[in-house]
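Below you'll find the structure, written out as structure tokens, and then a few comments.
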Amino acid sequence: MAFESLTEKLQNVFKKLRSKGRLTESDVKSALKEVKMALLEADVSFKVVKQFINSVQEQAVGQDVMNGLNPGQMVIKIVNDELVKLMGSETTEITLKQGNEITVVMMVGLQGAGKTTTAAKIAGKLKAKGRKPLLVACDVYRPAAITQLQVNGEKQGIEVFAMGDKKKPVDIAKAAVEHARGQGMNVVIVDTAGRLHIDEDMMQELIAIREAVHVDQSLLVVDAMTGQDAVNVAETFNEKVGIDGVVLTKLDGDTRGGAALSIKAICGKPIFYVGMGEKLSDLEQFYPDRMASRILG
Ligand code: GDP
């Protein structure tokens, strides 16, 4: 389970705090020191941890007791609220155009992050909401990706637009949007090629697709298991291509969870969804407040 160790450590700190009727400044400081260690061990980026602790400390020290809460509970509440703030205080979703106007969504990310799977998962969610999505196979460098998208699309009852692996991704994307228009479809989800590492060719290709078909939303898919690397990837993609939101996959695995807490603070873009498994139904909307409660246990 994600966050297991972080939750356990935070619960130990809070147990100590709750047991005290009064809290001295040094009680708060030593508790926050433990919170800091727990966050760092969960692979939350150092800069984020530092700001987080400073902010909690400022609010916690010299805090009057609020109605019904003892000082320990106050600190826990402050930590909770700061966690929510860190992840973005409100839920953010893909912005879709109204009616029959086509929204083009481009999925980007490194190979193996879960892009192809997530594209199909999102298409399924949109279909369930009454949208008419089209999946587009633009990952022409990994032939298996085209088949994978077709298999997943079929499972979801969603059409997959593919032109094999000989055409240029930009041309496939253009043809797909035309096709969607002709068929009265209103969301086009373009699955793009990933590489093992960020490279300039990949970025240029994404920019070319974005310009050619007027992408409305670029969604970056990152693997939560890669911790701070996921955060670095998000920062780089945002700088080079520009992203609107992030999907954090494999949160069902044994990840320490730091990426969930750092991405918004570091790259400024919110997490839209989290991947909770390999099945096509295993995609959840990301709610910062629910995630904070889950982390605090
Ligand atoms: P791509 O190279 O980015 O297109 O990645 P794929 O969509 O092919 O996914 C790579 C692997 O990760 C596949 O085995 C997926 O089933 C798996 N995967 C994707 N999302 C999740 C998730 O949220 N949880 C788990 N456990 N596995 C996932």
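The values are calculated or read from the model by the stated rules, or taken from the named source; none is laboratory data. Remember, predicted model here, so these are calculated numbers, not experimental data. Positions of Cβ are backbone-derived with ideal geometry, glycine not excepted, and every protein chain shown enters the neighbour counts. Accessible surface areas use protein heavy atoms only, side chains included; no ligands, DNA or RNA. Shrake-Rupley method; radii C 1.70, N 1.55, O 1.52, S 1.80 Å.
Take the alpha carbon atoms of region 231-297, find their center, do the same for region 36-55, and report the distance between the two centers in whole angstrom.
Region 231-297 and region 36-55 have Cα centres separated by 17 Å.
What value in Å³ per residue do you get for the convex hull of the alpha-carbon atoms in region 145-287?
In region 145-287, the Cα hull volume divided by residue count equals 122 Å³.
Given a cut-off of 18 Å, name the pairs among K85/K264; K50/K250; K127/K279; K50/K264; K16/K85; K97/K129 whose C-alpha atoms lie farther apart than that in the structure shown.
Details: K85/K264 10 Å; K50/K250 26 Å; K127/K279 16 Å; K50/K264 15 Å; K16/K85 25 Å; K97/K129 14 Å.
Violating the 18 Å limit, Cα to Cα: K50/K250; K16/K85.
Say each of E200 and K47 gets a label point 7 Å from the Cα, pointing the same way as Cα to Cβ; how far apart are those two points in nm?
It is 2.5 nm.
In whole percent, what relative contact order does the chain give with Cα contacts below 8 Å and a gap of six or more residues?
Over the chain, the number comes to 25 percent.
Mind computing the radius of gyration and Dmax over the alpha-carbon atoms of region 116-177? Å is fine for both.
That works out to 11.2, 34 Å for Rg and Dmax.
Treating region 37-172 as a set of equal point scatterers at the Cα positions, no solvent, please give the Debye-formula log₁₀ I(q)/I(0) at q = 0.19 Å⁻¹.
Evaluating at q = 0.19 Å⁻¹ gives log10 I(q)/I(0) of -1.05.
In a Debye calculation with equal point scatterers on the alpha-carbon sites of the chain and no solvent, what is log10 I(q)/I(0) at q = 0.07, 0.12, 0.15 Å⁻¹?
Values, matching the q order: -0.31, -0.76, -1.04.
For an R0 of 35 angstrom, estimate the FRET efficiency from the Cβ-Cβ distance between E93 and E58 and round to the nearest 0.05. List each step's numbers first, then the result.
On the way: r = 32 Å, r/R0 = 0.92.
E between E93 and E58, to the nearest 0.05, is 0.60.
Expressed as a whole percentage, what fraction of the accessible surface of region 229-297 belongs to carbon and sulfur atoms when a 1.4 Å probe is rolled over the protein heavy atoms? Can you show the working numbers first?
Working: 1040 of 2630 Å².
Answer for region 229-297: carbon and sulfur cover 40 percent of the accessible area.
Which lysines have a Cα less than 27 Å from the Cα of K167, not counting those fewer than 8 places away in the same chain?
Within the straight-line limit of under 27 Å, K167 reaches these lysines: K115, K121, K132, K155, K240.
Could you provide, to the nearest whole Å², the per residue accessible area of the chain with probe 1.4 Å?
On the way: 13640 Å² over 297 residues.
For the chain, the per-residue accessible area is 46 Å².
Can you tell me the FRET efficiency between A175 and D289 if r is taken as the Cβ-Cβ distance and R0 is 41 Å, rounded to the nearest 0.05? Don't jump to the answer; show the numbers that get you there.
Numbers: r = 42 Å, r/R0 = 1.03.
Here the calculated transfer efficiency is 0.45.
Per DSSP helix of 4 or more residues, -39500 (n - 2.57); summed, then divided by the residues of the chain. What does that give at 222 nm, rounded to the nearest 500? Show your work: numbers first, answer last.
Numbers: 11 runs with 152 residues, N = 297.
Per the formula, -16500 deg cm²/dmol.
Rounding to the nearest 10 and keeping the result within 0 to 90°, find how far the Cα-based axis of helix 143-156 lies from the longest principal axis of the chain.
Compared with the principal axis, the helix lies near 80 degrees.
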